[in-house]
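The values are calculated or read from the model by the stated rules, or taken from the named source; none is laboratory data. Owing to the predicted nature of the structure, the values given are computational and were not obtained by experimental measurement. A quick note on method: Cβ atoms are made from the backbone with ideal geometry, for glycine too, and the neighbour counts reach across all protein chains shown.
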Ligand SMILES: Cc1ncc(COP(=O)(O)O)c(C=O)c1O
């Protein structure tokens with residue numbers, strides 16, 4: 001494989017590469033040593049001086065996280081809030097959009113299940129309607145259907161950029177063009193795209209974006225973030241505020257803090273946030289174009305060689321693909337197969353293909369998911385493919401002729 005990225009260095013910086021074949025960046029990627037060390041270093045500081053003093057001593061490094069994320073997303077530092085997950089960021093954003101009965105929230109059919117659950121709750125609370133928009137035959141959003149659905153009742157458009165259970169990349173930029181022209185706010189779930197490809201909020205044209213640290217960004221678990229376009233901030237009514245997000249003036253009125261950090265809670269894990277900062281810095285160091293080129297090489301090889309194995313069916317939609325490769329092996333239970341591979345030190349994941357709000361459940365309903373990252377090498381893929389192939393032939397050999 002030809003790649004601009006120095007894979008040997010990436011592996012040397014990733015202790016997990018020596019222990020397992022890790023093909024689950026879409027679940028939680030292997031962190032580089034720098035990320036783990038920055039978390040531990042801060043925990044050690046807390047051990048010595050206590051959490052409050054430790055936060056003061058790390059304040060400069062902590063503040064840099066906002067600059068790092070702003071560079072990653074192409075926005076300003078005061079347009080970012082840190083959260084403890086992508087779902088939290090999503091709920092904070094969606095539940096803060098003022099909605100009334102009869103208003104509509106348009107979603108794609110590739111929405112992450114937690115997002116849909118949050119939106120159904122939002123609908124119960126506000127009386128707004130959640131409207132899934134038709135997809136194109138390849139599973140991505142149907143742009144014409146989206147444009148048609150943007151009538152005077154539409155108040156928010158929600159889109160998952162890269163689903164967790166399908167290797168497609170959704171047409172975020174095109175949706176952004178349509179929402180901008182219509183003047184409707186656009187909330188992008190970039191949980192799976194952040195860290196595996198360039199994601200720029202200006203280029204996409206979203207007002208809101210949410211992401212997680214632990215996936216392709218290689219940050220620690222328990223981290224996430226919310227971007228809110230500055231010009232959109234005052235149109236939100238924050239669903240939850242605490243004494244960091246707001247103050248009470250003398251007449252009992254709540255005055256929100258300036259900037260998007262009003263969405264942040266007082267209590268947080270400084271250590272994990274510092275780990276997130278280290279992960280973003282690490283990704284920026286490699287460059288998102290180089291990372292994307294590398295992960296696509298790996299995913300393409302996987303798709304090519306998996307589809308040549310007997311009984312394997314690829315399940316990815318879309319024309320533009322991501323580093324997520326989904327598949328089934330005919331007649332084989334995907335969870336059992338995953339367990340067999342895990343016992344041999346090859347780690348992938350299985351995932352449900354969630355039923356949409358308005359239609360039959362997809363078929364197959366569960367798939368295997370292999371999601372390599374740039375630290376995966378040819379030997380990793382060889383090992384995985386050989387093991388899978390051996391498992392399939394064992395099964396075929398055991399069958400009556
Ligand atoms: C597309 C997508 N959105 C949202 C989430 C939720 O992220 P978190 O678990 O950090 O809340 C996930 C998690 O897998 C995801 O894949």
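Here are the numbers for this structure:
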| quantity | calculated |
| --- | --- |
| Filtered residue count, the stretch 206-225, keeping only those that are within 10 Å of residue 187 (Cα to Cα) and either more than 11 Å from the ligand (Cβ to nearest atom) or free of Cβ contacts under 8 Å to residues at least 40 places away in the same chain (or both) | 4 |
| In the stretch 85-144, the residues that are modelled with pLDDT of 95 or more, within 11 Å of the ligand (Cβ to nearest atom) and assigned to a loop (DSSP other than H, G, I, E, B) | 85 |
| Residue list for the stretch 58-72, filter: closer than 20 Å to residue 207 by Cβ and either more than 16 Å from the ligand (Cβ to nearest atom) or in a loop (DSSP other than H, G, I, E, B) (or both) | 66, 70, 71, 72 |
| Residues being within 16 Å of the ligand (Cβ to nearest atom) and either closer than 9 Å to residue 161 by Cβ or more than 14 Å from the chain's Cα centre (by Cα) (or both) - total across the stretch 179-196 | 8 |
| Odd one out for residue 202, checked against (1) away from the ligand (no atom under 16 Å from the Cβ); (2) under 14 Å from residue 83 (Cα atoms); (3) out of contact with any strand residue (DSSP E or B) (no Cβ under 6 Å at 6 or more places or on another chain) | (2) |
| Output for the stretch 171-227, where each listed residue is surrounded by fewer than 23 Cβ atoms within 10 Å (Cβ to Cβ) and on the phi > 0 side of the Ramachandran plot | 183, 205, 222 |
| Test: residue 248 is under 28 Å from residue 171 (Cα atoms) and without any contact (Cβ under 8 Å) to a residue 60 or more places away in the chain | no |
| Any hit, the stretch 311-333, residues being at pLDDT 95 or above and assigned to a helix (DSSP H, G or I) | no |
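Per-residue answers, yes or no, for (1) in contact with a helix residue (DSSP H, G or I) (Cβ under 7 Å, 6 or more places away or on another chain); (2) surrounded by fewer than 21 Cβ atoms within 10 Å (Cβ to Cβ); (3) under 16 Å from residue 302 (Cβ atoms):
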residue	(1), (2), (3)
331	no, yes, no
338	no, yes, yes
342	no, yes, no
345	no, yes, no
352	no, yes, no
366	yes, yes, no
374	yes, no, yes
379	no, yes, yes
393	no, yes, no
